[in-house]
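Throughout, read-outs are computed from the coordinates displayed, never taken from laboratory work. Everything numeric in this text was worked out from a predicted model, so none of it was measured. Cβ placement follows ideal geometry from the backbone for every residue including glycine, while neighbour counts extend to all protein chains displayed.
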Amino acid sequence: MSRARSEQQLYRDGTYSADGVYGSRPSTIGVTVTLDEDVLTNVEVTPHATEPTSHAYQQAFADSVLRVVVGKRIDEVQVGRLAGASGVPIGFNDAILHIRAEARED
C-alpha cells in the first residue's frame with residue numbers, strides 16, 4: 001500500500017470487516033477484506049453458524065471464495081453459489097456492500 005493513491009481510486013486502502021446477513025432465520029457470516037487501490041488483496045471469511053450442516057456450508061464457501069475474489073476490484077465482486085452453498089454467497093455479498101459503504105472515498 002505504499003504506492004501513490006490513484007486519481008480514480010474510489011475506496012480508501014485498508015482492512016475492513018462486516019457481517020453479512022442471509023436467509024429467513026437469519027444467518028450471518030463474517031467477512032474481512034484488505035483493499036489496495038480498490039482491489040481485494042486479501043479476504044477472510046469467518047463462519048458464524050453453530051448448526052453443523054450450516055457451518056459446513058459456510059466453511060466450504062470460506063475455503064473457495066478467495067480464489068474467486070482476490071485480485072478483483074471491490075466494485076466487481078458479487079459471488080453466486082460456491083462449494084454447494086447457495087445462501088452463504090448472499091451473506092457475503094451483503095457484507096461486501098457494507099464494506100463498500102465504509103471504505104468509500106468522500
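Some points to look at:
- Normalised by the number of residues in the chain, the mean separation of alpha-carbon contacts (under 8 Å, six or more apart) gives a relative contact order of 31 percent.
- In the range 33-92, trypsin sites (Lys or Arg not before Pro) in a DSSP loop with at most 12 other beta-carbon atoms within 10 Å: Arg81
- Along the range 97-106 the Karplus relation, 6.51 cos²θ - 1.76 cosθ + 1.60 evaluated at θ = phi - 60°, assigns HN-Hα couplings of 4, 5, 5, 4, 4, 5, 8, 4, 6, 9 Hz to successive residues, with x for each Gly and Pro.
- For Tyr11, the residues 5 or more places off, or on other chains, whose built amide H falls under 5 Å of its own are Asp38, Glu105.
- Close amide H partners of Lys72, meaning residues 5 or more places away or on another chain with modelled amide H under 5 Å apart, are Leu40.
- Within-15-Å neighbourhood charge of Ser27 [Cβ basis; K, R +1; D, E -1]: -2
- Along the chain, longest interval not containing exposed GluC sites (Glu not before Pro), exposed being DSSP loop plus at most 14 other Cβ atoms within 10 Å: 8-104
- Cα point-scatterer Debye curve for the range 14-103, base-10 log of I(q)/I(0) at q = 0.17 Å⁻¹: -0.61
- Evaluating 6.51 cos²θ - 1.76 cosθ + 1.60 at θ = phi - 60° for every residue in the range 9-26, the Karplus couplings come out as 5, 9, 10, 6, 5, x, 10, 10, 9, 7, 9, x, 10, 7, x, 8, 6, x Hz, glycine and proline recorded as x.
- Taking other residues whose beta carbon is less than 15 angstrom from the beta carbon of Gln58, and scoring Lys, Arg as +1 and Asp, Glu as -1, yields -3.
- Folded to 0 to 90 degrees: helix 52-69 orientation relative to the chain principal axis, Cα: 30 degrees
- Net charge in the neighbourhood of Ala95 (other residues with Cβ under 13 Å of its Cβ; Lys, Arg +1, Asp, Glu -1) is -3.
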